Amino acid sequence: MPADPNMKILVVDDMVTMRKIVKNILKQLGFANTDEAENGQEGLQKLREGSYNFVVSDWNMPVMTGIEMLRAIRADAKLKSIPVLMVTAEAQQSNLIEAVQAGVSNYIVKPFTAETMQEKIGKIFK
Amino acid sequence: MENQGHKLYEELGALARFVDNAMHAISAAAPQIISSSTQLPTAASHLSDLKKMTEDGTLEVMRLTELVQDNHAAMAKELCGIAEVLKAMDCAILAGRLEQVRATMAQDDKHLMEIMTTLSFQDLVAQRVKKLVTILDEVQTKLVELVVVFGLQRNGNAAAGTGIADQMLKQLEESKTTAMKQQVADDLLAQFGFK
């Protein structure tokens, strides 16, 4: 099933520049229904309150990291099926393995291109 | 027994001399240690400023890029409408030329998106600066501990304002307050007859 252009996407990153970049790329790729959160805790709260279809998250964030949020999502009966794409500067193999074990849907290493983002979204929603 | 006591006495003497030498060495380095411990917070603060400056610059480039993207989207829509009208009026050649313009714009949209993604360098810079500030904070804490534990005191103004690090920090500090805005430069230039 291809990605629904109207799906609601939550972008989680502590850096305002990265949130804007990811939202801009998503918009250019045809996904304009986006919302944002500054850290994992705020992201989790928004996910519990709203109905999101997809999460794009950073790893390193204050209060609650991306990997902690991912684990919380997968442990939550209502949220566990939401695809989570991690976009992170954590480029060690151990990080990727940890994310896969935590249930990540796909993984992008910064810096990245719009093509990479498109390809990963395509793979998640194929 | 007496021999053993003598040996112990000798070893204690050697140990006392070692401690004394070490204390002297630390005392001699005291001005530099104190100087470094006071410089580090300023250096960390400048690093944080650097992060803020890259963030501000990046956000401005993003704002302008988004404006161009929005304009492009509006123009593409308009061109599409005009092309439809031209086709209906049997002006296929003109419509074809408009299509070429739209294709060029689409290519530019791709470039604009590349500009946006390239700006993610700021996030990587910010993360590294954050780590460096944490390291500087930790080194400063350890230096302060050293100062406190060994009761180091600055001897007059020795080592104050003489090192390269001190000079550079002074320059950085001065640049915060004395950096001239263009308007001030223009006013000064006007006083010298530049118009």
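Figures for the structure shown
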{"read-out": "Residue match in the range A:70-77 (condition: out of contact with any helix residue (DSSP H, G or I) (no Cβ under 8 Å at 6 or more places or on another chain), in a loop (DSSP other than H, G, I, E, B) and closer than 26 Å to residue A:2 by Cα)", "value": "yes"}
{"read-out": "Among (1) modelled with pLDDT of 95 or more; (2) more than 21 Å from residue B:122 (Cα to Cα); (3) of a type in the set (Gly, Ala, Ser), the one test that residue A:122 misses", "value": "(1)"}
{"read-out": "Selection status of residue B:83, part of a helix (DSSP H, G or I) and either touching a residue at least 60 places away in the same chain (Cβ under 8 Å) or more than 30 Å from residue B:107 (Cβ to Cβ) (or both)", "value": "no"}
{"read-out": "Residue B:100 away from chain A (no Cβ under 14 Å), over 28 Å from the mean Cα position of the chain (by Cα) and either part of a helix (DSSP H, G or I) or under 23 Å from residue A:23 (Cα atoms) (or both)", "value": "yes"}
{"read-out": "Flag for residue B:137 being under 32 Å from the mean Cα position of the chain (by Cα) and within 14 Å of chain A (Cβ to nearest Cβ)", "value": "no"}
{"read-out": "Qualifying residue in the range B:79-98 (condition: at pLDDT 90 or above and among the acidic types (Asp, Glu))", "value": "no"}
{"read-out": "Pick from the range B:57-74, criterion among the β-branched types (Val, Ile, Thr) and within 21 Å of the chain's Cα centre (by Cα), ranking: surrounded by the most Cβ atoms within 10 Å (Cβ to Cβ)", "value": "B:58"}
{"read-out": "Residue satisfying condition, being hydrophobic (A, V, I, L, M, F, W, C), closer than 21 Å to residue B:123 by Cα, outside any helix (DSSP H, G or I) and within 13 Å of another protein chain (Cβ to nearest Cβ), within set A:108, A:25", "value": "A:108"}
{"read-out": "Among (1) within 14 Å of chain A (Cβ to nearest Cβ); (2) of a type in the set (S, T, N, Q); (3) exposed (fewer than 14 other Cβ atoms within 10 Å of the Cβ), the one test that residue B:4 misses", "value": "(1)"}
{"read-out": "Some residue of the range A:53-69 being more than 20 Å from residue A:111 (Cβ to Cβ), without any contact (Cβ under 8 Å) to a residue 12 or more places away in the chain, away from chain B (no Cβ under 11 Å) and surrounded by fewer than 22 Cβ atoms within 10 Å (Cβ to Cβ)", "value": "no"}
{"read-out": "Test: residue in the range B:121-132 that is in a helix (DSSP H, G or I), in contact with a Gly (Cβ under 9 Å, 6 or more places away or on another chain) and either at the interface with chain A (Cβ under 10 Å from one of its Cβ atoms) or touching a residue at least 12 places away in the same chain (Cβ under 8 Å) (or both)", "value": "yes"}
{"read-out": "Any pair with Cβ under 7 angstrom, 6 or more apart, that starts in the range B:11-22 at a residue that is assigned to a helix (DSSP H, G or I) and ends at one that is modelled with pLDDT under 90", "value": "none"}
{"read-out": "Residue in the range B:106-120 that is nearest to the chain's Cα centre (by Cα), counting only those that are within 9 Å of chain A (Cβ to nearest Cβ) and of a type in the set (Asp, Glu)", "value": "B:114"}
{"read-out": "Scope the range A:81-90; condition surrounded by 11 or more Cβ atoms within 10 Å (Cβ to Cβ) and not in a strand (DSSP E or B); matching residues", "value": "A:82, A:83, A:89, A:90"}
{"read-out": "Subset of the range A:1-52 (residues that are surrounded by 16 or more Cβ atoms within 10 Å (Cβ to Cβ) and free of Cβ contacts under 8 Å to residues at least 12 places away in the same chain)", "value": "A:16, A:17, A:20, A:21, A:24, A:27"}
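The values are calculated or read from the model by the stated rules, or taken from the named source; none is laboratory data. Keep in mind that what you see is a predicted model, and the values were worked out from it rather than measured. Heads up, the Cβs are rebuilt from the backbone with ideal geometry, glycines too, and the neighbour counts pull from every protein chain shown.
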